[in-house]
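> Let me begin by handing over the structure; questions about it come next.
The values are calculated or read from the model by the stated rules, or taken from the named source; none is laboratory data. Computed from a prediction, not measured in an experiment: that's the story for all the values here. Using ideal geometry, Cβ is built from the backbone for each residue, glycine included, and neighbour counts are taken over all protein chains shown. With ligands, DNA and RNA removed, areas are computed over all heavy atoms of the protein, side chains included. Shrake-Rupley method; radii C 1.70, N 1.55, O 1.52, S 1.80 Å.
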Amino acid sequence: MDKKNRLHKEIMVSQAIGKSFNNKVILEGISFSIYKKEIVSLLGPSGIGKSTLLNILSGIEKPTVGKVEMFIEKVGYVFQDDRLLPWLTLFENIRLVNISGNINMVQEILKTVGLEAYANYYPYQLSGGMRQRGSIARAMYYAGELLFLDEAFKSLDEYKRIELLNLLLTLKESIGLSSLFVTHDIEEAIYVSDRILVLNGEPAKIIKEINIKEKRIEGKLSLKDETEIRRKILHSLYEKTINKEE
Ligand SMILES: Nc1ncnc2c1ncn2[C@@H]1O[C@H](COP(=O)(O)OP(=O)(O)OP(=O)(O)O)[C@@H](O)[C@H]1O
């Protein structure tokens, strides 16, 4: 497919990415695409290389081999902690990442994440969930088409996590936002994803791709499909001979 045609579909392509630290290969042959208006989860055990991969895809780190093709200008990054600057208001925190951007958009984005009434609040005046919504708003103001989220809701309670997962689903539908969602929580991945990529092995590879979108009816999975998806994930994560495909 030529570049022009791809522009309308893929917004990012990872081409055979590999990464070594101190001559030890951590990641090998990581190839996948992200399309407009989809949520992809990257699921894998702790320490496997998920954050390293996200850093490579976002340009923070360089791959040892392979390349990243980005068909959009910028990517927003939501970290585990909100990283809002305590001496700035929510509005100022968001404005800071894109000084030349349209200032009216800040208020618009705050409205999108349900924080329009809190623009002049300082981070300490907001709850953990609100601060994390603020950091999603900041990432969106920086780059409105694709967000990378690195275990971004890990420190929140179950209720707030679901609220934020629902926010990602709403933003996908309302503005076509795509997300690459790094997690080691199977339930979280099943709940929010159109596709799940399971990363495992030494070096880590994508050992399973599960397409969930086509199985959802009106956004919901049948119990049978959900059980089958969970089984496939567990199988990929715990199977000893990980190269053996089902
Ligand atoms: N700059 C670095 N130098 C050397 N080794 C590194 C560096 N960054 C990461 N590593 C190693 O690469 C491996 C993958 O780390 P990474 O943080 O990407 O894993 P992860 O899957 O995101 O883990 P977690 O789920 O615990 O956040 C680890 O063994 C880590 O020690």
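> Mind checking the dipole of region 27-106: about its Cα centre, +1 per Lys or Arg Cβ, -1 per Asp or Glu Cβ, Debye to the nearest 20?
So the dipole magnitude of region 27-106 works out to roughly 120 debye.
> Which whole number in µm²/s is D for region 19-121 by Stokes-Einstein, with the Kirkwood Rh taken over Cα pairs at 20 °C and 1.002 mPa s?
The diffusion coefficient I find is 129 µm²/s.
> So what does log10 I(q)/I(0) come out to for the chain at q = 0.11, 0.12, 0.13 Å⁻¹, using the Debye formula with one equal point on every Cα and no solvent?
The Debye formula, applied to the Cα set alone, gives -0.60, -0.71, -0.83.
> Mind checking the angle between helix 223-238 and the chain's longest principal axis? C-alpha axes, 0 to 90 degrees, to the nearest 10.
The two axes meet at around 70 degrees.
> Now for a different question. How far is helix 128-142 tilted, in degrees, relative to the longest principal axis of the Cα atoms in the chain, given as a value from 0 to 90 rounded to the nearest 10?
Long axis of 128-142 versus the principal axis of the chain: about 90 degrees.
> Give, rounded to the nearest 20 debye, the magnitude of the charge dipole that region 81-141 has about its Cα centre when Lys and Arg contribute +1 at Cβ and Asp and Glu contribute -1 at Cβ.
My answer is approximately 40 debye.
> Restricting to bridges with both residues inside region 93-212, how much of the DSSP beta-bridge set is antiparallel, in percent to the nearest 5?
55
> As a check on your grasp of the helix formula, calculate [θ] at 222 nm for the chain: sum -39500 (n - 2.57) over DSSP H runs of n ≥ 4, divide by the residue count, round to the nearest 500.
That calculation yields -10500 deg cm²/dmol at 222 nm.
> Only loop residues by DSSP count here, and only those with at most 15 other Cβ atoms within 10 Å; note down the GluC sites (Glu not before Pro) in region 1-83 that meet that.
Qualifying residues, ordered by number: GLU61, GLU73.
> With unit charges on the beta carbons (Lys and Arg positive, Asp and Glu negative) and the dipole taken about the Cα centre of region 75-181, which residue among ASN93, ALA137, SER174 sits farthest to the positive side?
My answer, from the dipole projection, is ASN93.
> For the chain, what is the accessible area per residue in Å², given a 1.4 Å probe and the full set of protein chains?
The answer is 51 Å² per residue.
> Which ³J(HN,Hα) values, rounded to whole Hz and listed in residue order, are derived for region 40-52 from phi using the Karplus coefficients 6.51, -1.76 and 1.60 in 6.51 cos²θ - 1.76 cosθ + 1.60 with θ = phi - 60°, glycine and proline given as x?
After applying 6.51 cos²θ - 1.76 cosθ + 1.60, I find 10, 9, 10, 10, x, x, 4, x, 7, x, 5, 5, 4 Hz.
> Something else about it: Compute a Gaussian network model of the chain, connecting alpha carbons closer than 10 Å, and tell me which residue from ILE196, ILE233, ILE60 fluctuates the most.
ILE60
> Sticking with this structure for a sec: Counting only pairs 8 or more places apart or on different chains, how many lysine pairs in region 1-152 have C-alpha atoms closer than 13 Å?
Qualifying lysine pairs in region 1-152: 5.
> Run the numbers on region 81-141 and let me know its relative contact order in percent, using alpha-carbon pairs under 8 Å that are six or more apart.
Relative contact order, region 81-141: 50 percent.
> Which of SER100, SER193, SER179 moves the most in a Gaussian network model of the chain with Cα springs under 10 Å?
Maximum among the listed residues: SER100.
> When a/c reaches 1.5 or more, the comparison of a/b and b/c decides; with that in mind, is region 169-237 rounded, prolate or oblate per its Cα gyration tensor?
Because a/c hits 1.5 or more and a/b fails to exceed b/c, region 169-237 counts as oblate.
> Round to a whole number: what % of the accessible area of the chain belongs to carbon and sulfur, probe 1.4 Å?
Solvent-exposed carbon and sulfur of the chain make up 52 percent of the total.
> Roughly what angle does helix 158-175 make with the longest principal axis of the chain, taking Cα atoms, 0 to 90 degrees, to the nearest 10?
It works out to around 90 degrees.
> Along the positive direction of the dipole of region 93-246 (beta-carbon charges: Lys, Arg +1; Asp, Glu -1; about the Cα centre), which of HIS184, ASN104, GLY128 reaches farthest?
ASN104
> Here is a follow-up. For Cα pairs less than 8 Å apart in space and 6+ apart in sequence, what is the mean separation divided by the residue count of the chain, i.e. the relative contact order in percent?
After rounding, I find 25 percent.
> Ranked by accessible surface with a 1.4 Å probe, highest first, in what order do GLU226, GLU108 come?
GLU108, GLU226
> Here's another thing I want to ask about it. I need the semi-axes of the equivalent ellipsoid of region 81-141: take the C-alpha gyration tensor, multiply each eigenvalue by 5, square-root it, list largest first in whole angstrom.
In descending order, the three semi-axes are 16, 12, 10 Å.
> Can you compute the FRET efficiency between LEU234 and VAL65 using 1/(1 + (r/R0)^6), with r the Cβ-Cβ distance and R0 = 35 Å? Round to the nearest 0.05.
The calculated FRET efficiency here is 0.70.
> Right, something else. Ignoring ligands, DNA and RNA, how do ASP150, ASP225, ASP157 rank by accessible area with a 1.4 Å probe, largest first?
ASP157, ASP225, ASP150
> Compute the FRET efficiency between GLU202 and ASN104 as 1/(1 + (r/R0)^6), taking r as their Cβ-Cβ distance and R0 = 45 Å, and round to the nearest 0.05.
0.35
> Of GLY134, GLY47, GLY76, which is the most mobile in a GNM of the chain whose springs link Cα atoms less than 10 angstrom apart?
Per the Cα network of the chain with a 10 Å cutoff, GLY47 tops the list.
> Go ahead and collect, in residue order, the members of region 101-130 whose backbone nitrogen is under 13 Å from a label point 7 Å along the Cα-Cβ direction of ASN166.
114
> Quick one: work out the % antiparallel among DSSP beta bridges in the chain, nearest 5.
The answer is about 55 percent antiparallel.
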